[in-house]
Amino acid sequence: MTSPLLDKLNTLDRRWIFLSMALAVLSPILLQIGSDETPSPPTIKLFDEIERLPEGSRILMAMDFDPTSAAELYPMALSFTRHCCLRHHKLYFVTIWPTGKPMIESTIKAVIGADFGSGDRPYQYGVDYVNLGYLAGEAVAISQISSDIRKARPQDARGTSLDELPIMSGVISVKEMDLIVNASAGFPGGKEWVQYAATPQKVPIAVGCTGVQSTQLFPYYPDQLLGLVTGIRGAIEYETMLAAKYPNPYANRSKRPAFLRGGAQRWAHRLMIGLIVLGNGIHLANRYRRTTHP
Amino acid sequence: MSKTVPVLIASIVGCLMIVAYFSPPLLPARQMAEDWFTIVATIAIFLGGANLCLHHLKKISDREAGWGFSAVTLISFAITIAVGLLKIGVVPESEQQIKLAWSGPFQQEGSGFWWIYQYLFSPIVSTMFALLAFYVASAAFRAFRAKNLEAILLLITALIVLVGQTRDREITSLFLPPPAEGTPPYVPIADLTEFIRKTFVTAGQRAIMIGIALGVVATSLRILLGLDRSYLGGDE
Amino acid sequence: MNRETRFWTVLFLGGCLLLAFQSLRTERGVGQQFVVRVDATTGKIIPPAADASDNSAAAVKTVIYEPASKDDPEAIWSFSRTSGIWIAALLTLCVFSYLYRDNVCYKLAESIIVGVSAGYWIVTYYWEVLIAKVLLRLSPELARYAFLPDTPADAKADYLCIIPVVLGCMVFCRLIPKIAWMGRWPLAFVVGTTAGLKLILFLNADFVRQIRSTILPLVVFSATASGGSELDWKQSIQNIVIVISVLSCVTYFYFSVEHKGIVGRISRVGIWVLMISFGASFALTVMGRITLLTMRLQFLFDDWLGLVRI
Amino acid sequence: MDFHSRSAGEKEFITMSDKSSGKPSMDSFSFSVSHQWFGTGLMRLTMTTVGVLVFLLALPTLTFAEEIADSTKPIVWFDTGKTAFALLTFAICATVIICTELARRGKPFYVRPIAGLLAMEEAVGRATEMGKPILFVPGIEDIKEIDTVAGLMVLSSVAKMAAEYDTPLEVPTSRALVMTAAREAVQAAALAAGRPDYYNEDRIHYITDEQFGYVASVCGWMYREKPAACFFLGKFFAESLFLAEAGNAVGAIQIAGTAETTQLPFFVAACDYTLLGEELFAASAYLSGEPAQLGMLKGQDFGKLGAIVLVILGCMLATWDSISPRGKNAEGQNLPRRSQWITDTVLKGG
């Protein structure tokens, strides 16, 4: 049996595979093809909790990630913050990663600055949200703010004393929070928030984490973790729910960074499946050729 | 003698680390050892830097093929060190620091060292990392072929998990009878992926980890008993 | 000129044309970056008009720049950041060119990254270990005076850390043939502590914990709403599969028993389990790798070229 | 994708009595014990214990004199909470040491062949035939990781083979201390092979601490020099697939081994032979061919046997608990589960 196609495939240059991968990832980005996700129970639980909490509830937003893990976690941070603002909760931003400071700032700029800074009920700094900045000391810092925030950090990120901020009146420690939402990229992160703050102080906590970290956090769900949003897939799930509930403007592509990355994911996965099937087709054809024409 | 002393050092500090774990007054010694290691490794990195310079200087002086690239390496090395150690572009961040020329974090945004990290170091490194997406594809194409039972298992699980990872998993529910009104369709492959992850992946990793722990024990004992001294070189 | 050269020349020229068009004709430009001036000590934005008139020397000394959007009235164009984006984008393309084959562009990126990263780690270790750990402990006064003004005034010197410093310096003994043998002491110290620390660590975390979490009931009952209990077959099957898989994999790792007969059959199941777990782990990692590539391409097409309009 | 189960058929006995006559394939790996340090293992153990005791007395008085003087409470020298774990540690270490001692006294032990190790000599031989260099990567972590130490131990065996064939061996390292140790190992191996001039310091060099900076350089080198054999033994992270694919592109025989479970799938997919986890640690003992070191493998197996017994026993008790749960005691509290005897007593951990 002679088949020029099979011969060609047998000696296929791997650069063609590279090219197909580049196209599979690039075209969805350029054509802005996104992908939705069917929400999974751990993500739905967090969404429902933020919906359920009465307006003006206190939510601690712990942003423990850096630019390298921003691919997965920044879209998550955006949707969490957006959802809280839509429900008009009070937000307390904090990070235990030194690299987390710019992440908080850009989240605030992108969400509160762009969508909630004006209008009939604008979000005001010090009244509706506060940026507590970076807390040094890793896990120790968590246990410190769970007993007394002012001891860990007497001032906010802008250097204003916490006592001067209306949002801080009546807030002594993490105990006064109604929910902790954490975007965590590793150590210290979700696990430490559960161990040192949420479980001892009995505050519900939900974590958004990277795909790699999820295996570490899964054992805590659902007993110690209210919700768990995993990797880029979890971010897409959350955006999907947000878009379904608040289609204007959150069904808009420009507000859905994870959705846009989802398209690339989907096509790349399809390509991988195709490649494995093709590889085995070649293999079987070769075997057939060998048995029929030894 | 040249070899007995190092082996003795290794045995003694090693055993001390083990004993310290069980003895509260000695427990800080374990912490200290980690700390000391960082300091030793830091001083050693200067040896590494010197070696890097010599290696490339030799290439340049021998006019080996591609010596120009060695020159690029040396220049970028020298510039990074100079910018970083002299804290070029770093400004003090508080009133009390203003008097000090060396104050301010060395990685401060806007400083020279930050620029090097942000626009030279980080793009190259993360692009190298991104190349892995291509290699994953080519490795899958080449290696996942049904040559024997083991390879078939490898490839089938990979396929199942790949389908289960994105929303395309929903095609598997097309073969099932339509769900009752109002309930989400049952997706068998999503459950299967989760099952594989919870059972086989966990079990495989656990068994490997149990084995590794015993391997580490034996390797450590080889060092502590002085049976294997290859890392210490030969006797002169 | 052969076909390949012609192809790449056309591609290169096309790229240049695209860049020229994008930077001249579009409003956004290519890779343009803007910043605002901020006083580092107070955190207040300094408007661009103010710098000529009322800035004292001390205030100018503490100016830092923060990224801003083009529309910001206080924003000024930043040469260093704009050039940075261009260099980063070109280096990204250089690295991607390795996929085609090894070439001058890749070699250039490779030489730069080797030099820069070696320098980067030396600088990082210098500030974070030699200054912040060693110098701070040996002489807190000097550290406070010269580098770290935030050092508390009552910090005490801790001379014990002279030992690792001496050990570290002994690494250099290798360069002198006569005392080269002394260069092995730091190695012996490091390897010895490693052996001791890891022996306990692995036995505790990997051996004990993993066995403990494998101890599972093979039959699981769950409480029903009516107060009785019923067989939870899903969980039971899961537990049985885990236990059998772990046992067969551990058998596979047996060194001193020939893999035939019953042991051979069990270890064969073990290798199947390992293969399934490898296949699944491989596929589970794909998502993370694709995300990284997506990020890189978004950097090129969004941050640099501004082609994607979100 | 070759996997070692393939060669399980071609088994081979390595016994201590065999050692003297020398099985041909193992003989080339054998590494004679040139120096008997302190005589027997028991002697070593005694000496070490004495050393530790001296150290134990001297160190606390020096380092923690202040804390000890300050505290009014009596000093607790042993943390009783860790007793179970201490006994377990002692039992495992003792088993390994006893097996070592038995092996040294000439008790024969069977060791199953590991395909990846048998292929090492073949790989070195092929590189010699083709006149191309060999690449050895001892991982990207520092020497404080035991994986790196295991990798360096294998390096000394590979270097010895390479020195015998006089084939250049390139060892780029990502840490300065690893470079120093690798130089020691290769120099010693060259000496042991009777070719001290084989050792060339320039071939073992430091590149950079940065993971992908190191990979960029090694892959560039591979593309240009086209090594015929690549060894990746040590601790690897995301770069594993990068290295293995680069080696594959230049058509090298690749033997990999790591204890990093997340990276094993990539090595299995892209390399010719993979040492899975524990096999990496067994490799140097195996390659050394020393009776004492081979005896250790037997000791490790007893550990695994213990693990299997504990799991089976624990699961049986847990199942019993599940089928007929224990009642309450006089105070109305639930009685502890039966399986707790295993999980909280034997396997209490530290």
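Quick note: the coordinates plus some simple rules give every number you see, no bench work behind them. Please read all numbers here as calculations on a predicted model, not as lab measurements. Using ideal geometry, Cβ is built from the backbone for each residue, glycine included, and neighbour counts are taken over all protein chains shown.
Label-point separation (nm) for residue D:105 and residue D:316, each offset 7 Å from Cα along Cα-to-Cβ?
Once both label points are built, they end up 3.2 nm from each other.
Rounded, prolate or oblate: which fits segment A:41-255, taking a ≥ b ≥ c as square roots of the Cα gyration tensor eigenvalues, rounded meaning a/c under 1.5, else prolate when a/b beats b/c?
Cα axes put segment A:41-255 in the rounded bin.
Once you've got the GNM for chain A with C-alpha springs shorter than 10 Å, pick whichever of A:165, A:12, A:228 has the biggest mean-square fluctuation.
In the Gaussian network model the winner is A:12.
Shape of segment D:115-289 from its Cα gyration tensor (a ≥ b ≥ c, root eigenvalues): rounded if a/c is under 1.5, otherwise prolate when a/b > b/c, or oblate?
On the way: a/c = 1.22, a/b = 1.20, b/c = 1.02.
Rounded.
Along the charge dipole of segment B:1-85, which of B:79, B:16, B:50 sits closest to the positive end, that is, farthest toward it, with unit charges on the beta carbon of Lys, Arg, Asp and Glu (+1, +1, -1, -1)?
B:50
Using amide H atoms built in the peptide plane, which far-off residues or other-chain residues are under 5 Å from residue A:229 H to H?
For residue A:229, the qualifying residues are A:207, A:208, A:209.
What's the center-to-center distance, using Cα atoms, between segment C:161-200 and segment A:1-70 in Å?
The two parts, judged by their Cα centres, are 47 Å apart.
Mind giving me the FRET efficiency for residue B:86 and residue A:252? R0 is 45 Å, r the Cβ-Cβ distance, nearest 0.05 is fine.
Computed FRET efficiency for residue B:86 and residue A:252: 0.40.
Give the distance, in whole Å, between the Cα centre of segment B:10-78 and the Cα centre of segment A:138-199.
Segment B:10-78 and segment A:138-199 have Cα centres spaced 38 Å from each other.
Rounding to the nearest 20 debye, state how big the charge dipole of segment D:115-289 is about its Cα centre with +1 on each Lys and Arg Cβ and -1 on each Asp and Glu Cβ.
For this selection, approximately 220 debye.
Give the Kirkwood hydrodynamic radius (Å, one decimal) of chain B, defined as one over the mean of 1/r across all pairs of different Cα atoms.
25.4
When the dipole is taken about the Cα centre of segment A:41-255, and only Lys, Arg (+1) and Asp, Glu (-1) are charged at their Cβ, what size is it in debye, to the nearest 20? Could you put the intermediate results ahead of the total?
Numbers: 20 positive and 22 negative charges, 26 e Å.
Rounded to the nearest 20 debye, it is 120 debye.
Just the number, please: percent antiparallel of the DSSP beta bridges in the protein assembly as shown, rounded to the nearest 5. All intermediate terms of the calculation are to be shown ahead of the outcome.
Numbers: 15 of 58 bridges.
Expressed as a percentage, antiparallel bridges in the protein assembly as shown total about 25.
Measuring from centroid to centroid over Cα atoms, what is the spacing of segment B:142-220 and segment D:103-141 in Å?
The two parts, judged by their Cα centres, are 33 Å apart.
For residue C:229 and residue A:270, what does the FRET efficiency come to when R0 = 51 Å and r is the distance between their Cβ atoms, rounded to the nearest 0.05?
On the way: r = 45 Å, r/R0 = 0.88.
So, using R0 = 51 Å, E works out to roughly 0.70.
Apply the Karplus parameterisation 6.51 cos²θ - 1.76 cosθ + 1.60, with θ equal to phi minus 60°, to every residue of segment C:3-10 and state each ³J(HN,Hα) to the nearest whole Hz, in sequence, with x for glycine and proline.
Values, residue by residue: 4, 5, 4, 4, 4, 5, 5, 4 Hz.
Can you find, among B:129, C:29, D:231, the residue sitting farthest towards the positive end of the charge dipole of the protein assembly as shown, where Lys and Arg contribute +1 and Asp and Glu -1 at Cβ?
Selected residue: D:231.
Within segment D:179-209, name every residue whose backbone N is under 16 Å away from a label modeled 7 Å from Cα of residue D:166 along the Cβ vector.
Output list for this probe position: D:190-191, D:193-200.
Just want to confirm a number: the relative contact order over chain A, from Cα pairs under 8 angstrom separated by 6+ residues, in percent.
Answer for chain A is 27 percent.
Given a Förster distance of 22 angstrom, what is the FRET efficiency for residue A:127 paired with residue A:172, based on the Cβ-Cβ distance and rounded to 0.05?
0.75
Anything over 22 Å Cα to Cα? Flag those among C:133/D:82; D:144/D:304; A:202/D:82; C:198/D:82, in the order listed.
C:133/D:82; D:144/D:304; A:202/D:82
State which entries of A:191/B:198; A:45/A:191; A:175/A:255; A:101/A:175 exceed 26 angstrom in Cα-Cα distance in the structure shown. The partial results should precede the final answer.
Details: A:191/B:198 20 Å; A:45/A:191 19 Å; A:175/A:255 33 Å; A:101/A:175 23 Å.
Check vs 26 Å cut-off fails for A:175/A:255.
In chain A, what % of DSSP beta bridges are antiparallel (nearest 5)? Please report the intermediate quantities before stating the final value.
Numbers: 1 of 26 bridges.
Given both bridge residues lie in chain A, the antiparallel proportion sits at roughly 5 percent.
For residue C:260 paired with residue C:72, estimate the spin-label separation in nm (one decimal), with each label point 7 Å from Cα along the Cα-to-Cβ line.
Taking the two extended label points, one gets 7.6 nm.
I'd like to know which of B:104, B:117, B:210 lies farthest towards the positive end of the charge dipole of chain B, counting +1 on Cβ of Lys and Arg and -1 on Cβ of Asp and Glu.
Projecting each Cα onto the dipole axis, the largest value belongs to B:210.
Pull up the cross-link candidates among the aspartates and glutamates for residue B:58, meaning alpha carbon to alpha carbon under 15 Å and not fewer than 8 places away within one chain.
D:201, D:202
Provide the net charge surrounding residue B:171, with neighbours chosen by a C-beta distance below 14 Å and charges set as Lys +1, Arg +1, Asp -1, Glu -1.
Once all neighbours under 14 Å are counted, the net charge is +2.
Once phi is turned into ³J(HN,Hα) by the Karplus curve 6.51 cos²θ - 1.76 cosθ + 1.60 with θ = phi - 60°, what whole-Hz value does each residue of segment C:163-176 show in order, with x for glycine and proline?
Values, residue by residue: 4, x, 5, 4, 4, x, 5, 5, 4, 6, 4, 4, 6, 10 Hz.
For residue B:93, enumerate residues with amide H under 5 Å from its amide H, sequence gap 5+ or separate chain, H modeled in the peptide plane.
For residue B:93, whose amide H was placed from the backbone, the distant partners under 5 Å are B:104.
Using only alpha-carbon positions, what ratio does the radius of gyration of chain C give when scaled by 2.2 N^0.38 Å?
1.60
Using the Cα centre of the protein assembly as shown as the reference point, and only Cβ charges (+1 on K/R, -1 on D/E), how large is the resulting charge dipole? Debye, rounded to the nearest 20.
2160
According to the square roots a ≥ b ≥ c of the eigenvalues of the Cα gyration tensor, what is the shape class of the protein assembly as shown, taking rounded for a/c under 1.5, prolate for a/b larger than b/c otherwise, and oblate for the remainder?
rounded
Relative contact order of segment B:1-85: what whole-number percent is it, with Cα pairs under 8 angstrom and at least 6 residues apart? Could the numbers behind the result be given before it?
Details: 22 pairs, mean separation 11.4, N = 85.
Over segment B:1-85, the number comes to 13 percent.
Applying the Karplus parametrisation 6.51 cos²θ - 1.76 cosθ + 1.60 with θ = phi - 60° to the phi angles of segment C:86-103, what ³J(HN,Hα) value in whole Hz is obtained for each residue in order, glycine and proline being reported as x?
Here the 3J(HN,Hα) series is 5, 5, 4, 5, 5, 5, 4, 5, 4, 5, 4, 5, 5, 4, 6, 5, 5, 8 Hz.
Mind checking which aspartates and glutamates have their Cα closer than 19 Å to the Cα of residue B:87? Skip sequence neighbours fewer than 8 apart in that chain.
Residue B:87 reaches B:95, B:109, C:39, C:66, C:128, C:150.
Taking residue B:59 as the anchor, which lysines have their alpha carbon closer than 23 Å to its alpha carbon, excluding any fewer than eight residues away along the same chain?
Candidates past the 8-residue exclusion: C:107, D:132, D:226.
Plugging the Kirkwood radius over Cα pairs into Stokes-Einstein for segment C:230-299, at a temperature of 10 °C and a viscosity of 1.306 mPa s, what D comes out in µm²/s?
Details: Rh = 14.8 Å.
D, rounded to a whole number, is 108 µm²/s.
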